[in-house]
Structures are given as structure tokens and as C-alpha cells.
Amino acid sequence: EAGVTQSPTHLIKTRGQQATLRCSPISGHTSVYWYQQALGLGLQFLLWYDEGEERNRGNFPPRFSGRQFPNYSSELNVNALELEDSALYLCASSLAGGQGGEQYFGPGTRLTVT
Amino acid sequence: RKEVEQDPGPFNVPEGATVAFNCTYSNSASQSFFWYRQDCRKEPKLLMSVYSSGNEDGRFTAQLNRASQYISLLIRDSKLSDSATYLCVVNRKGAGSYQLTFGKGTKLSVIP
């Protein structure tokens, strides 16, 4: 069974540009989560989508946004990129919609902002 | 106080040693608990869930103390392949939804 997939693997952007990151969950999973892991910091929760709706949002500015498509894949958009947005962005999926369910992570997209 | 706190380590132990990691959480509404493992520059992988009665999976034993808001992970007979960062993870319900909160992790190096 295929795991969570993310694209692209690496992304290099300049300050002020927009970045779009993509995630496909494990087949049968309806919940998708996005996390940011900056160098030396722990995973910071960004967004949770379930059944096409945004269910929860972490403590990030509105320029971090996303959506979930009918096939449960998801997209994370980061507008007006800043240097400190450079990080590993991880997507995870789960069966249980967050209700105690374990999450399974994709390999991540490494975003570099110059 | 941070929501999930772990000793960052690093823990440098010889092969075959027993090592224990501790984690405390601040939100008493937390409902489920996990240990994840993250190898260098890789994604976190679920190691095991943590149940109130304690649970064991081979060389790994996890325990939960809800009264003290404390979680532990014990690794027996350490292998070189156990070298990784171990993340304590807490799931809590707030404002109608659930959210996983990750500790910063404890780094383990198993030395030949």
C-alpha cells in the first residue's frame, strides 16, 4: 500500500513569492494535516483538513492557507514568502479525523526561501 | 510551561544498554499519547501508542501516568539502528477539534 506522498521534494523560492506544496494521503484516509519543522525546532502544527473542510489551524499567519480536494489530496499555499519560512513541511494523514488516531507522515517538502 | 516537554539529550549509550526517555505534558485534557521516531532529515514514524495500562512492543515499553501527566519510553538491549530522535506526542481536544502536539524530541545515539 502506498504511503503519504508529497511534492515537490525540494522547492527554492525568493522572498515575496508564493509556494504551493502538495500532499496525497494514504488510500482510505480522509484527514490531512500540515506541519512545519524549522531547523532546531519541533514540529509545529499548521492546518488540519477533514472531508474537504478546514477543521483546525495552528498559530500561523493567514498567508499560510490550504485546501483539500474531493479525492482527499491537499495543497498548502504560502504567500508573501519570508526568509523564516524556510523549513521542512510535512504532511500527515489519518483515518480517525483526529479523534485519537495515529498519523502517518509523508517524506516532506524542503522549502528554501532566499 | 511548554505543552509537551522532553529532555533534548543527546543520550549516548553503548549497544546493549537500556535507556529511558521521559516526557511531561501540561494539558490535563490530553486524551491520547504516542511515541514517534524521526531519523535525521526524514519524516517522523509512529513507534507506538501509549496506553494507561502501559504497553510493550518487543524491546520497547511505554508507560503513562495521567496523575503526574508523565509519559515514558524504555528501550532495552539498544541496537545501533535505534539511533534517532524520539518524539513524545500528545493528542488533546480543544475548541471542538483534536490536535497533536509534538515535543522537540530526545536524540539517541547508540555507540558500537
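The values are calculated or read from the model by the stated rules, or taken from the named source; none is laboratory data. Model, not experiment: these values are computed from the prediction. Positions of Cβ are generated from backbone atoms using ideal geometry, with glycine treated the same way; all protein chains shown enter the neighbour counts.
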Given B:F60, B:F34, which one is at pLDDT 95 or above and either surrounded by 15 or more Cβ atoms within 10 Å (Cβ to Cβ) or at negative phi (or both)?
-> B:F60
So which strands (runs of 3 or more DSSP E) are wholly in the range A:3-114 and hold at least 3 residues that are surrounded by 14 or more Cβ atoms within 10 Å (Cβ to Cβ) and within 11 Å of another protein chain (Cβ to nearest Cβ)?
-> A:31-37, A:44-50, A:53-57, A:87-94
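If I filter the range B:24-66 down to residues being hydroxyl-bearing (S, T, Y) and closer than 17 Å to B:E3 by Cα, which single residue comes out as farthest from the other protein chains (Cβ to nearest Cβ)?
Across the range B:24-66, the extreme among qualifying residues is B:S28.
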Hand me the list of strands (runs of 3 or more DSSP E) wholly inside the range B:21-73 holding 2 or more residues that are over 30 Å from A:Q6 (Cβ atoms) and polar (S, T, N, Q).
-> B:60-65
Name the residue, out of A:G52, A:G42, that is within 17 Å of B:P44 (Cα to Cα) and either of a type outside the set (A, V, I, L, M, F, W, C) or touching a residue at least 60 places away in the same chain (Cβ under 8 Å) (or both).
-> A:G42
Note on the range B:85-112: residues of a type outside the set (V, I, T) and either away from chain A (no Cβ under 14 Å) or on the phi > 0 side of the Ramachandran plot (or both) are B:A95, B:G96, B:G105, B:L108, B:S109, B:P112
